[in-house]
Every structure is written in structure tokens, then in C-alpha cells.
Amino acid sequence: MIGTAQTLEHVVRGPVFYELGTRAREDMRVPARVYADDVLWGQITRDRSLEQLINVATLPGVTGCVYGMPDMHEGYGFPVGGVAAMRANDGVISPGGVGYDINCGVRLLVTELELAAVRPRLTDVVHELSRSVPSGTGRGGRLVLTDAELERVLGEGCRYLVERGLADPADLEVTEAGGSLPRADPAAVSPRARQRGRDQLGTLGSGNHFLELELVERIDDPAAAALYGLEAGHLAVLIHTGSRGLGHQVCTDYVRRMDQVMPAYGIQLPDRELACAPFASPDGRAYFGAMCAAANFAWSNRQVITARVRDAFGRVFGDAGRLRLVYDVAHNMAKLEEHGGELLVVHRKGATRAFGPSHPETPARYRSVGQPVFIPGSMGTASYVLAGTDAALTLSFGSACHGAGRAMSRHAAKRAKSGAEVRRELEAQGIVVRCPSSGELAEEAPMAYKDVERVVDVVHAAGLARRVARLRPVGVVKG
Amino acid sequence: MEPSHELLGHTAEVRLRVRGADLGAVLTEAGRGLAAIQLGGRLPRASGEWRSLEVRAPDREALLVDWLNELVYMAEVERWVPVDFEVEEARDTVVRARGRGIRVTETPSKVKAATHHALAIRDVPEGLEAEVILDV
């Protein structure tokens, strides 16, 4: 556990952040700043996340400041909700700084359906979705790939899926990086990773992954909402999943490889899970190529699920059930980005990009307002759509948080409330729930998460992103 | 020392603590703890044939991580979850064992990987105690 009293005496408090200077621990190379209010700060200091963020501040080549987002909580290696940038020329890349679920992310689709009109068919559509989008288990819906097809998914991502009729070219325009990273190197992905991913394209996975139907409940920024296609009272769909077993195995493979090569680079770390290598080294380049390939797989996974969701909506609502993709954002990635004229490897672990109107990677159609940022709550609480800001570039390397953030362990959540109780409570709110495991439902209960309203307030007040719309769940499919 | 495993608190992941008289017992119990998580808390009676397992790693702690990651891989790719183990050889850098378990129709995808964060194997009066965090 963090030496709270010792470390916290070095904390400087800002308007919506808490900052630890490099004197807090002698091996820190840069300061650590956490965006939080008093309550969130109190939650953050109760687990090991601050200690983990300080560990990140010791990595070779780290620059500027390391950042904790308002949803920060204890992870492994990096905290979840941690952002750190390393110089590309002499800094490191760390697989543990990206995490096992490479390019886990969220995408939002909007419909022209008004919830009030389709409420009687809500159960039907949730049922169709649970049948069409498997959790990764023995049920149908997934795409089993040949070796050649998997190679193309790894190398080309969503561009390949356009050819397969599973993506519309318009989808790629509103997917981060067009759903295809050109530096992907499929040859750097091991046979084991390929084996784990072969039959998992189009599957949700378990844990906190979900597919949710949302009501667009409130518009805070009409201009941005109009540009994003959000209209109050309409039905929308949020999809949260990642690179599945393929990404997990890529991380496993490269944490082991980095762990073994670090001595040759003279790297010593406070935490073995931060295993890393210079970005410019053969080991660093190999991981980056494999990570980009796994990211292509993850975008393709969310795209195949999108195709299944569109089919399901078509079966239930016919032509009226059309779904338009608003955006797809990644939240477990290391990206090569230019900041202040310097090329950096920006690690975002449980944190998402929040680029503003001026950034060249903000999709052309959103240049007047900034890229969409999604902050999902939990199954029974609101989710938010925000818009990235130009200010975020200097405040957080253009980053915002990726969710409400866990406040309670899975074990404690299960002890506090049974899956049946959680299901009853959600249904009492009019939320249709499909989840094969009561245990998983209990682990993901709304009370296990921080207050999403408070988290979003901090993001907005800090200027990392600004509120656009509030969504409320009306249907939940869990993996 | 009676071999045992238990789950400790962690905000987001699963912290697994195992105890055993020696390294072989620790690895056995870690495998059983992993199976219990993958199978939703229950440890069914094993059936079918014994299968050989062999893992090599640079040191004792890495061996525990790689052993668990081997079992995660087998569960996901082969849909086979071993619950009984007979360790034939366990040294700091190698474990050779046999496993017997169950076939599952649905891939147990709950555990993504075993991690090196806060990883420890300690000598305790009657044997060894290990802690490992699993990404779930």
C-alpha cells in the first residue's frame, strides 16, 4: 500500500487536481497530477493507484507529467485511468502500460427511433442482441477466420471488413485512426495469440464489457449534439469490448520478452509488470507492431459486433432501425503522437483520447466541435457523451477518462448484493437485462463504481472535455 | 501445511493468494484457484485422461505467472480446465506436471492473464505463500 502519510504531504492541490512533485519519491522523473475533486481524491488514495502512478513517473524517457484521470483506480503496473508520454527517440514502450485488453474501447451508434414509440419492443430487441452477439462462448454470431483472413484483419483492420461487407466506408471515417493502424506488423503476433483470437471476432467477452441500449436523455451542447447526430428521446447503442484473447496473449508474450531483455538495456523498475524496452529498439518496435495489429483486431471486433447489431435492429424494426456510428474510441493504447513539436509514445491505460477541434486526427466532420468522448457509467447509471478540447493537449496530452471507475472490488460487490438483487433493481428501473451469469452481474453492479456524475463534472471543469449529452440505459447485454 | 487458496481484495482485478508446503504444492493450488475463478467458484470432479504440462521460466516468480498463463491459454483454446494436478518436478525455472480436469462447452474467458504486479513467493514457517494478481 502507498505510504499515504509520507507521500501525501508532498501533494499540492489545484482547482480540480492534486499534484505530486518529483520530491514525493526520489526515483520520480516527472511530477504526477490527478484530476479529481475531494471525494474522488479520497477514493483514489484508498487503494494503490497513486503508488502505481508514481511508479509510472519513473519510466525512462517519460516527459512532462504523468496524469491520473478522475476515474483512476488500482490496476496492475499502470493504474487504470493513467496517462504517460515517453519520448520516441530515447524513451520506452511498456506493454503493461497498455494492458492485456489492447485497444479495448467504446463505440456509440445512434438510431432515428424514439424510445417512447419502440418501448413495447424493447425486450424483443435486447433478446435479439443477446442471441446475435455472443460473449465469446459456444453460441453463434462470431466470425471464424482462416489464417489468411486473420492476417488481413491484423494488417488492415476495418478496411478489410469493408471488403467483407461488414463495415460501411462511412464507419471508418468516424473510427479512431480509421480502424486501421498502418504500422501493424502481423508477423510480430505469435501463433498462440492468433490461436486465441481465431474464433473470437464479433464477441463481447466477459467482465465489464457490454452492449447497452441507451435513451438520449438530455442534451447539454445542442450544436455538438446535432453534429454527432444525437437527439433527445432517441435510442442509441453503446458497445464496449476489445481485442479479446488475441490482445491478451500479445501482452502476455511481450511482458515476458521485455522482462528478459530489460537488463540488456540497463532498465530497472519498481514494478516488474511495467516491463519495457526502448521504443526505438528492436524489442520496442516488435511490440509496437504487434500492439497495432491487436488494435486492428479490436476495432474489427467492435465493427463485426456493429454489423450484428444492425442485423438485429433490422429484424426487429425493419428500415426504421438504421444505426449510424457516431465514433469509436480506444482506451488501452500506446499511440505515436506529436506534442509540442516532439514525437511521443502516449500510453493511455483506461484513458481515452479527447482531441479538440484543431487536432488533425479529429474526424473532418467533427472539426468544429472536437472529437466525441464517451464516459460510460455502469449498468444502472447514466453515461455521457462529451467533446474533446484543444486545451486537453496541454492538460493531459489530449486525454480524458474512460468510465466511472471501480470503487469496490468484485469480491466486495458480490458480498454486498446478489446477482438476482441487481437484476431486480435494474428491471425496476425499466432496464431490460440479459446476462448469463448472476455472479458477473453482481460484480458489475452500479454501486461498485464511482459516481459518474462527479467524474464527468471534474472532466468538464478541468477542461479535458465538455459535456454534450447524457444517456440513460434501457437495455443491457453483458458478456 | 494444508494447501489452500483464497481471493484477496483488489479494486478491479483478482488477487489470488495460495499456500503450500513446497513450490509444487503452490503451483497446484494456484492452478486450482484459477480453475475455481474460471468456472464461477465451483471446482468440479475431474474426469477424462491425464495430460502432460510443462512450463519453463527465468525464475520462481515468473514460473508461477507462466504456469497460470499456460492454463489460461489451454482453457481458452482447448476448452479444457484442469482441476487436479500431479507435479512430477518443480524447480525455480521448470515445472513438469500432469493435469486432469473437465471439458467445457463455453470458453472460460473471465481471466485474461496472470500479471507480474505485486507478484511474490515468500517462505513461511511451514512452506511457501504466493500472491499473484489476475487480470479479469
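The values are calculated or read from the model by the stated rules, or taken from the named source; none is laboratory data. As the structure is a computational prediction, the values presented were derived from the model and not from experiment. Neighbour counts are summed over all protein chains in view; Cβ atoms, including those assigned to glycine, are modelled from backbone coordinates with ideal geometry.
Do you know which residues across the stretch B:117-136 are of a type in the set (Asp, Glu) and within 14 Å of another protein chain (Cβ to nearest Cβ)?
Of all residues in the stretch B:117-136, those of a type in the set (Asp, Glu) come to B:123, B:126, B:129, B:131, B:135.
Of everything in the stretch B:117-136, those that are of a type in the set (Asp, Glu) and within 14 Å of another protein chain (Cβ to nearest Cβ) turn out to be B:Glu131, B:Asp135.
Out of everything in the stretch A:241-256 that is of a type in the set (Gly, Ala, Ser) and within 9 Å of chain B (Cβ to nearest Cβ), what residue ends up being farthest from the chain's Cα centre (by Cα)? Lay out the reasoning, then the answer.
So in the stretch A:241-256, the residues of a type in the set (Gly, Ala, Ser) come out as A:242-243, A:245, A:247.
With within 9 Å of chain B (Cβ to nearest Cβ) added as a condition, the list becomes A:245, A:247.
Details: A:Gly245: 16, A:Gly247: 14 Å.
If we take residues in the stretch A:241-256 being of a type in the set (Gly, Ala, Ser) and within 9 Å of chain B (Cβ to nearest Cβ), then A:Gly245 is farthest from the chain's Cα centre (by Cα).
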Mind checking which residues of the stretch B:84-112 are of a type in the set (A, V, I, L, M), surrounded by 24 or more Cβ atoms within 10 Å (Cβ to Cβ) and not in a loop (DSSP other than H, G, I, E, B)?
B:Val95
Selection from the stretch A:289-303 of residues crowded, with 24+ Cβ neighbours inside 10 Å and more than 14 Å from every other protein chain (Cβ to nearest Cβ) yields A:Ala290, A:Met291, A:Cys292, A:Ala293, A:Ala295, A:Asn296, A:Phe297, A:Trp299, A:Ser300, A:Arg302, A:Gln303
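Looking at B:Leu7, is it assigned to a strand (DSSP E or B) and in contact with a Gly (Cβ under 6 Å, 6 or more places away or on another chain)?
Numbers: assigned to a strand (DSSP E or B): yes; in contact with a Gly (Cβ under 6 Å, 6 or more places away or on another chain): no.
Taking the combined requirement at face value, the residue does not satisfy it.
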Which one of these is surrounded by fewer than 23 Cβ atoms within 10 Å (Cβ to Cβ) and outside any strand (DSSP E or B): A:Asn89, A:Asn55?
A:Asn89
Does the stretch A:6-21 contain any residue that is over 24 Å from B:Ala114 (Cβ atoms), of a type in the set (S, T, N, Q) and free of Cβ contacts under 8 Å to residues at least 24 places away in the same chain?
yes
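Answer yes or no as to whether A:Gly430 is modelled with pLDDT of 90 or more, part of a loop (DSSP other than H, G, I, E, B) and either within 12 Å of chain B (Cβ to nearest Cβ) or under 28 Å from A:Ala465 (Cβ atoms) (or both).
On the way: modelled with pLDDT of 90 or more: yes; part of a loop (DSSP other than H, G, I, E, B): yes; either within 12 Å of chain B (Cβ to nearest Cβ) or under 28 Å from A:Ala465 (Cβ atoms) (or both): no.
For A:Gly430, the condition - modelled with pLDDT of 90 or more, part of a loop (DSSP other than H, G, I, E, B) and either within 12 Å of chain B (Cβ to nearest Cβ) or under 28 Å from A:Ala465 (Cβ atoms) (or both) - is not met.
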Can you tell me which residue within the stretch B:37-83, out of those that are in contact (Cβ under 8 Å) with a residue 40 or more places away in the chain, surrounded by 13 or more Cβ atoms within 10 Å (Cβ to Cβ) and in a strand (DSSP E or B), is nearest to the other protein chains (Cβ to nearest Cβ)?
B:Val55
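Given the condition β-branched (Val, Ile, Thr) and closer than 30 Å to A:Gly64 by Cβ, answer yes or no: does some residue in the stretch A:296-307 qualify? Outline the logic, then answer.
Narrowing the stretch A:296-307 to residues β-branched (Val, Ile, Thr): A:304-306.
Filter once more, so that each one left must be closer than 30 Å to A:Gly64 by Cβ: none.
There is no residue in the stretch A:296-307 that is β-branched (Val, Ile, Thr) and closer than 30 Å to A:Gly64 by Cβ.
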Answer yes or no as to whether A:Asp185 is more than 20 Å from the chain's Cα centre (by Cα) and within 11 Å of chain B (Cβ to nearest Cβ).
no
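Would you point out the residue of the stretch A:393-416, among those that are hydroxyl-bearing (Ser, Thr, Tyr) and out of contact with any Phe, Trp or Tyr (no Cβ under 9 Å at 6 or more places or on another chain), that is nearest to the other protein chains (Cβ to nearest Cβ)?
Quick first cut of the stretch A:393-416, residues hydroxyl-bearing (Ser, Thr, Tyr) only: A:394, A:396, A:399, A:409.
Subsequent filtering for residues that are out of contact with any Phe, Trp or Tyr (no Cβ under 9 Å at 6 or more places or on another chain) retains A:394, A:409.
Details: A:Thr394: 29, A:Ser409: 5 Å.
Filtering the stretch A:393-416 for residues that are hydroxyl-bearing (Ser, Thr, Tyr) and out of contact with any Phe, Trp or Tyr (no Cβ under 9 Å at 6 or more places or on another chain), the one nearest to the other protein chains (Cβ to nearest Cβ) comes out as A:Ser409.
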If A:Thr123 passes every condition in (1) of a type in the set (Ser, Thr, Tyr); (2) more than 23 Å from A:Ser300 (Cβ to Cβ); (3) in contact with an Asp or Glu (Cβ under 9 Å, 6 or more places away or on another chain); (4) modelled with pLDDT of 95 or more but one, which one does it miss?
(3)
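Can you tell me how many residues in the stretch B:90-116 are away from chain A (no Cβ under 12 Å) and in contact with an Asp or Glu (Cβ under 9 Å, 6 or more places away or on another chain)?
We begin by selecting, within the stretch B:90-116, every residue away from chain A (no Cβ under 12 Å); these are B:90-102.
Add one more test, that the residue is in contact with an Asp or Glu (Cβ under 9 Å, 6 or more places away or on another chain), and what stays is B:90, B:92-101.
Going through the stretch B:90-116 one residue at a time, the tally reaches 11.
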Listed by first then second residue, the pairs whose first member lies in the stretch A:62-75 and is closer than 21 Å to B:Leu134 by Cα, whose partner is β-branched (Val, Ile, Thr), with beta carbons under 6 Å and at least 6 positions apart or on separate chains, are A:Asp71/A:Val455; A:Met72/A:Ile44; A:His73/A:Val80; A:His73/B:Thr11; A:Glu74/B:Thr11
Within the group A:Leu150, A:Leu109, A:Leu129, which residue is in contact (Cβ under 8 Å) with a residue 12 or more places away in the chain and either within 30 Å of B:His116 (Cα to Cα) or surrounded by fewer than 21 Cβ atoms within 10 Å (Cβ to Cβ) (or both)?
A:Leu150
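Looking at the structure I just gave you, is A:Ala407 surrounded by fewer than 24 Cβ atoms within 10 Å (Cβ to Cβ), farther than 24 Å from A:Glu337 by Cβ, hydrophobic (A, V, I, L, M, F, W, C) and modelled with pLDDT of 90 or more?
Numbers: surrounded by fewer than 24 Cβ atoms within 10 Å (Cβ to Cβ): yes; farther than 24 Å from A:Glu337 by Cβ: yes; hydrophobic (A, V, I, L, M, F, W, C): yes; modelled with pLDDT of 90 or more: no.
For A:Ala407, the condition - surrounded by fewer than 24 Cβ atoms within 10 Å (Cβ to Cβ), farther than 24 Å from A:Glu337 by Cβ, hydrophobic (A, V, I, L, M, F, W, C) and modelled with pLDDT of 90 or more - is not met.
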Go through the residues of the stretch B:19-28 one by one and say whether even a single one is under 23 Å from B:Gly127 (Cα atoms), in contact (Cβ under 8 Å) with a residue 60 or more places away in the chain, within 14 Å of chain A (Cβ to nearest Cβ) and touching a Ser or Thr at 6+ places or on another chain (Cβ under 9 Å).
no
With the checklist (1) within 16 Å of A:Ala382 (Cβ to Cβ); (2) crowded, with 24+ Cβ neighbours inside 10 Å in hand, flag the one item A:Leu441 doesn't pass.
(1)
Evaluate the following for A:Ala412: is it hydrophobic (A, V, I, L, M, F, W, C), farther than 24 Å from A:Gly242 by Cβ and surrounded by 22 or more Cβ atoms within 10 Å (Cβ to Cβ)?
no
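Per-residue answers, yes or no, for (1) free of Cβ contacts under 8 Å to residues at least 60 places away in the same chain; (2) on the phi > 0 side of the Ramachandran plot; (3) more than 14 Å from chain B (Cβ to nearest Cβ):
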| residue | (1), (2), (3) |
| --- | --- |
| A:Arg424 | yes, no, yes |
| A:Gly439 | yes, no, no |
| A:Val455 | no, no, yes |
| A:Gly463 | no, yes, yes |
Any residue that is more than 30 Å from A:Arg415 (Cβ to Cβ), under 10 Å from the mean Cα position of the chain (by Cα) and among the charged types (D, E, K, R) - is there at least one of those in the stretch B:51-63?
no
Residues located in the stretch A:324-368, provided they are in contact with a strand residue (DSSP E or B) (Cβ under 6 Å, 6 or more places away or on another chain), without any contact (Cβ under 8 Å) to a residue 40 or more places away in the chain and in a strand (DSSP E or B):
A:Lys335
